[in-house]
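K.L.:
The structure's right below; bear with me while I get my questions together.
The values are calculated or read from the model by the stated rules, or taken from the named source; none is laboratory data. Only a predicted model underlies this, so the values are computations on that prediction, with no experimental measurement involved. Glycine gets a Cβ as well: all are built from the backbone with ideal geometry, and neighbour counts include every protein chain shown. Keep in mind that these areas ignore ligands, DNA and RNA; they rest on the heavy atoms of the full protein, side chains included. Shrake-Rupley method; radii C 1.70, N 1.55, O 1.52, S 1.80 Å.
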Amino acid sequence: MKNLFRVALGVGVGAAISFAATTTPVWAGSEAHAHIGHIGTSWNDTPDKKGLLQTAMGEAGVAAAHAGYAAGDLSDLASMQLHMPHVRHALDPSIDGSGPGLGYGFKTASSGIVAHMTLAADAAGASDSVKLHAEHINASANNGLARADQMLALIAKIEAAKNAATAAPLVTELNALAQQLAAGHDANGDGSVGWQEGEGGLDVVGVHLTIMADGEGLEAPVL
């Protein structure tokens, strides 16, 4: 099955679909496995062709770092505003053409995770395990997209702020959301971060993708 996974990645999704349709049932999972590989191992338009999850993780790390820098001195408006384009570039580089992010964007990578995981779950021959964990992965990735949109709205308000007193609570909120892009948030206070709406982040995506890959006999995703 691991060899099949490499073949599916190498020939592309379209060829994998065609191959799956003309071979014996043992190959039925190849289309789903190809999409899982795009998330966990490699995708064709990411920097260095890394997997979508690894790319999203990289952008989340940049956003979290610069949100943290902005929160380092809540009395200095200029310092807080300095880092806003840096956070925004990691979230959506189409807004700011250059910056410290990877140039791909957390939102693009996370949207790609949802798209490919949905394709994997809907593929002919997809196992019950793939379908189950797809729900968990997509819920967590969508949490990240919702947080990113909240962050972009906060950045606009911070940049428009006329004084540090106005900007400070917004930066504090921005920083909290930035740290949740990967770690998620224990929204219901039960002591753990699940995959449900408002909770899971990319770390939870990684957990469920790893469980899925192991159950499918695939290589572990690169996190």
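K.L.:
Return yes or no: is V204 within 22 Å of M117 (Cβ to Cβ), open to solvent by 10 Å² or more (accessible area, probe 1.4 Å) and either of a type in the set (G, A, S) or assigned to a helix (DSSP H, G or I) (or both)?
P.N.:
yes
K.L.:
Tell me which of these E199 doesn't satisfy, since it passes every other one: (1) buried (at least 20 other Cβ atoms within 10 Å of the Cβ); (2) under 17 Å from M84 (Cα atoms).
P.N.:
Of everything listed in (1) buried (at least 20 other Cβ atoms within 10 Å of the Cβ); (2) under 17 Å from M84 (Cα atoms), E199 misses just condition (2).
K.L.:
For the range 54-86, which residues satisfy the criterion of being of a type in the set (G, A, S), crowded, with 18+ Cβ neighbours inside 10 Å and part of a helix (DSSP H, G or I)?
P.N.:
A56, G58, A60, G61, A63, A64, A67, A70
K.L.:
Yes or no: A167 open to solvent by 20 Å² or more (accessible area, probe 1.4 Å), under 25 Å from Y69 (Cβ atoms), in contact with a helix residue (DSSP H, G or I) (Cβ under 9 Å, 6 or more places away or on another chain) and not aromatic (F, W, Y)?
P.N.:
no
K.L.:
Could you list, in sequence order, all residues of the range 93-107 that are touching a residue at least 12 places away in the same chain (Cβ under 8 Å) and either crowded, with 19+ Cβ neighbours inside 10 Å or small (G, A, S) (or both)?
P.N.:
Within the range 93-107, P93, G99, G101, L102, G103, Y104, G105, F106, K107 meet the criteria.
K.L.:
Still on this structure, I have one more. Out of A183, A178, A187, which single residue is on the phi < 0 side of the Ramachandran plot and open to solvent by less than 20 Å² (accessible area, probe 1.4 Å)?
P.N.:
A178
K.L.:
Select, from V204, V171, V193, the only residue that is in contact with a Phe, Trp or Tyr (Cβ under 6 Å, 6 or more places away or on another chain) and hydrophobic (A, V, I, L, M, F, W, C).
P.N.:
From the options V204, V171, V193, the qualifying one is V204.
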